[in-house]
Each structure stands twice: as C-alpha cells, then as structure tokens.
Amino acid sequence: MISVEDWALIRRLVADGVPQRQVARDLGIGRSTVGRALASDRPPRYERAVVPTSFTPFEPLVRQLLRATPDMPATVLAERVGWTGSITWFREHVRRLRPEHWPVDPADRLIWLPGDAAQCDLWFPPKRIPLEDGSTSLLPVLVITAAHSRFMLARMIPTRHTQDLLLGMWELLQQLGRVPRRLIWDNESGIGRGKRHAEGVSAFAGTLATTLQRLKPYDPESKGLVERRNGFFETSFMPGRTFKSPADFDAQFSHWLTLANARMVRTIRARPVDRLDADRAAMLPLPPLAPALGWANRVRLGRDYYARVDSSDYSVDPAVIGRFVDVTADLSRVEVRHEGRLVAAHARAWARGMTVTDPAHVVAAKMLREQYQRPRPALDPHEGLVRDLADYDRAFGLGDDLVGGITDGEVA
C-alpha cells in the first residue's frame, strides 16, 4: 500500500500532464498502483480484515441484553452470557456496543430571552480556605449567571444549608438590582428534593414574585451556562492564587468577575456587561420589603448562657438566663434579643464547632455567680412574731365583754 504522500503526488503529476507510465517509472511503482490511486477519491488507509474473536459467539446475546437494559454492568452481562475469559477484554467489547443501545435523548437549542432566567449553582473551588480557628476547609461559592446577558455574580457562603443559600441569593440579587423571572436550580438538597421545595424556599420565591424552577434529573443542558462557567473559574481564576480568608476570596473573585464580565463571549458575540441593561430592563423589580431570611430560633437560655447557630455556640448576656431569647444570624453576624432588646452580637464563625465568647458576658456571669454564692444574713427568730392578743380574740369570735379572760357572770 502506498503512503498518503505518494497518493497525493501521483494525482498531482497526472493532473499536470505527466503520463501514467512515466509516473510509475519515476516513483518505482506498478502502473496498476497508479491506476488505483487515480480511481480512489480518498487517501489510502490500512484496514485490518475482520476476523472472528472469542467474543464473536457472545455478541448477539450481549446485544439482546443491552437492548432491554442498556446500563447493565459488564460483570453482570458476562455472568448472564456465560463468559469465562478475560473480563477486561469483555469490558472493551461491551464499551463498544453500549452506545448503540442507549435510548435517544435529544437536547433542543435553548434561546434565552432578556430578563427570563438566571441559572444558579454551587461551585467548590479546589483550594482550602483558612478559617478563624486555624483550620482550612473547601467552602461552596454560590454562582448566578443571567442567561441572556451571561453576566456572572458570585459569593462564598459558609454552608449548603437552606438558610445560607437563600441569604446568598438575596445578596447577589441585590447586587444585580433586579429579579429574573425564573431562578433555575438543579436538585440541590438545600433548595429541595423530589417534588417539594425545602422549607422557606417557596416563601422566598413568593416574596420576590419569581419562579424558582428545579430541573429534573439528567437534564444538564438546561443549566449548562452556569456549570461551564464553573470550569472557566477553575482554569482562569484559580491558578496561582492564595487566600487568607473567605472575605479575601470574595474580594479577589469580585475584582476578577468585573474583568470577566467585560470580555467577549463567543456564543453571543458580545460582552455580558454590554447586554446587562437590556437583561435587567426585562426583569422584575426588587420587593419593597426584604424577605425574612437567615437562621432564626427561639430558645430558653440555659445556665451556660450560650446559644447555638449551625454548629457553633455564641455567648449571651447571663442576666437573661432562664428566659426566652430570639437568636438570628445572617452570613456575617449573629444577634440575640430578649423582648426586642439586644443582649448579644457576634461576628459569625465559619469554622465548625467554635465557641465564640464576649468578655463582657464572662465578667457579668462572674458577678452574678458571686452574688448567688454570697451567704445571706441570718434572721432573728423572734423578729416578726410579736402580735396583738386582740387578733386572737377576733379570730376565735370572742366579744369585748371578756376581761382578763373572765366573763361577767363569773364575777357575780
């Protein structure tokens, strides 16, 4: 078989008017080879002749099983058809046959109208972030991409709990200044599972007058915009960067997003920042009142005067021990109130299992403890026991005719 270069040379020489006999003589090949090269409209390619293998007798049975159950594991297929040879060899053939039996699942080309939707997702940067207690952790970043303009917003959040997800969405929507008509999520556990939203999600969407849409499983195309940007962040933002804290990460990421949103996007042939105004103009306005969000709990304060938010404990003024207090928290602050009065305020800890203490609460607890342990003065046993004897006369119904305990009749 001649090479691709010889095939191309033969065709060029003959096209230039060189006789086939001379081409064969100059190249040292037969005239029939020259004829076949001229008759073929494709370069020559070596193709191995198909010969039966040890898998050939089993192939019809494997195909039959794959038609009924396309995702059947190769090990189960081998057992069903009675394969006794190399399982690696068997897997290679199953891998070749399986795509032919998958059910067809076409994906339509989506067109995103201005203001219609924003895709939401969690991105986990592949670098551990230092926290308050000296530990490091892989923290989630909430990412929102406006579908029409491709404008991106993001913020690191402490957890994947519903409270933090809703707080993060509200903060990013405030940065956007408008509310997309649909917020598209996949089956994130903090947003909802199955047919039900997580607690508080429906109220959040209702306050914003938007629709929170959770996609069905196996529908990656409907949220591909934001997921592709997660990969873009890892290749374009993360390399060579170090972070001192979650706040430092947010500062660096926000600055980088400003630059990224000003870059040309090939698929829309425009910059996201240039299409943002049209996108925002078709969105809904922010609600007049902010939605009720964050961590909220009402507890009776125990003797140790600490209240828990997520997995960390925060000190409270010990003067309200034994009384009910309202504990609230957002992404950055924890507050405790008793009957509307602020009795504790702390920066929220992102590390797990921390104990956050206000020194003033420790001092107040020490004073209250000393007062409680201080011995009380002994009482005079006779104090308060002196009483007018006339009280007893009235109690027993005796009249004024009693003199010295002797009646008038007795005197006579």
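The values are calculated or read from the model by the stated rules, or taken from the named source; none is laboratory data. Nothing here was measured: the structure is a model prediction, and the numbers come from that model. Here the Cβ positions follow ideal geometry from the backbone for every residue, glycine too, while neighbour counts run over all protein chains shown. These area figures cover heavy atoms from the full protein model, side chains too; ligands, DNA and RNA do not enter into them. Shrake-Rupley method; radii C 1.70, N 1.55, O 1.52, S 1.80 Å.
If a residue must be part of a loop (DSSP other than H, G, I, E, B) and either touching a residue at least 24 places away in the same chain (Cβ under 8 Å) or hydroxyl-bearing (Ser, Thr, Tyr) (or both), how many such residues does region 116-175 contain? Let's see the steps before the verdict.
In the first step, residues of region 116-175 are kept if they are part of a loop (DSSP other than H, G, I, E, B); the result is 116, 124-128, 131-135, 138-140, 147-151, 157-161.
Checking which are either touching a residue at least 24 places away in the same chain (Cβ under 8 Å) or hydroxyl-bearing (Ser, Thr, Tyr) (or both) leaves us with 116, 125-127, 131-133, 135, 139, 147-151, 157-161.
The total comes to 19.
Of everything in region 41-72, what is open to solvent by 70 Å² or more (accessible area, probe 1.4 Å), closer than 18 Å to residue 99 by Cα and either outside any helix (DSSP H, G or I) or in contact with a strand residue (DSSP E or B) (Cβ under 9 Å, 6 or more places away or on another chain) (or both)? Give them in sequence order.
If the condition is that a residue be open to solvent by 70 Å² or more (accessible area, probe 1.4 Å), closer than 18 Å to residue 99 by Cα and either outside any helix (DSSP H, G or I) or in contact with a strand residue (DSSP E or B) (Cβ under 9 Å, 6 or more places away or on another chain) (or both), then 71 is the only one that fits.
Among (1) in a helix (DSSP H, G or I); (2) open to solvent by less than 80 Å² (accessible area, probe 1.4 Å), which single condition is residue 26 missing?
So residue 26 meets the others, but not (2).
From 270, 209, 282, 251, grab the single residue that is in contact with a Gly (Cβ under 6 Å, 6 or more places away or on another chain) and either of a type in the set (A, V, I, L, M, F, W, C) or within 18 Å of residue 168 (Cα to Cα) (or both).
On the way: 270 fails: in contact with a Gly (Cβ under 6 Å, 6 or more places away or on another chain); 209 fails: in contact with a Gly (Cβ under 6 Å, 6 or more places away or on another chain); 251 fails: in contact with a Gly (Cβ under 6 Å, 6 or more places away or on another chain).
Step by step, each of 270, 209, 282, 251 is checked, and only 282 is in contact with a Gly (Cβ under 6 Å, 6 or more places away or on another chain) and either of a type in the set (A, V, I, L, M, F, W, C) or within 18 Å of residue 168 (Cα to Cα) (or both).
May I ask you to list the residues in region 254-263 that are open to solvent by 20 Å² or more (accessible area, probe 1.4 Å) and part of a helix (DSSP H, G or I)?
Here is the first cut: in region 254-263, the residues open to solvent by 20 Å² or more (accessible area, probe 1.4 Å) are 254-255, 258-259, 262-263.
The answer is 254, 255, 258, 259.
Residue pairs, Cβ under 9 Å, 6 or more apart or interchain, first in region 81-103 and at negative phi and open to solvent by 60 Å² or more (accessible area, probe 1.4 Å), second of a type in the set (Asp, Glu) and at pLDDT below 95. List them.
Listed pairs, sorted by first residue: 102/71.
For region 221-253, which positions are outside any loop (DSSP other than H, G, I, E, B) and of a type in the set (Lys, Arg)?
Taking region 221-253 and keeping what is outside any loop (DSSP other than H, G, I, E, B), we get 221-236, 246-253.
Passing the criteria: 223, 228, 229.
Looking at 293, 215 in this structure, which one is more than 19 Å from residue 155 (Cβ to Cβ), in contact with a helix residue (DSSP H, G or I) (Cβ under 6 Å, 6 or more places away or on another chain) and of a type outside the set (Phe, Trp, Tyr)?
Values: 293 fails: more than 19 Å from residue 155 (Cβ to Cβ).
Answer to the selection: 215.
Could you say which residue among 110, 131 is open to solvent by 10 Å² or more (accessible area, probe 1.4 Å), under 24 Å from residue 164 (Cβ atoms) and of a type in the set (A, V, I, L, M)?
On the way: 110 fails: under 24 Å from residue 164 (Cβ atoms).
None of the other options fit; the residue is 131.
Somewhere in region 192-209, is a residue under 24 Å from residue 278 (Cα atoms), touching a residue at least 24 places away in the same chain (Cβ under 8 Å) and outside any loop (DSSP other than H, G, I, E, B)?
Yes: region 192-209 contains one or more residues that are under 24 Å from residue 278 (Cα atoms), touching a residue at least 24 places away in the same chain (Cβ under 8 Å) and outside any loop (DSSP other than H, G, I, E, B).
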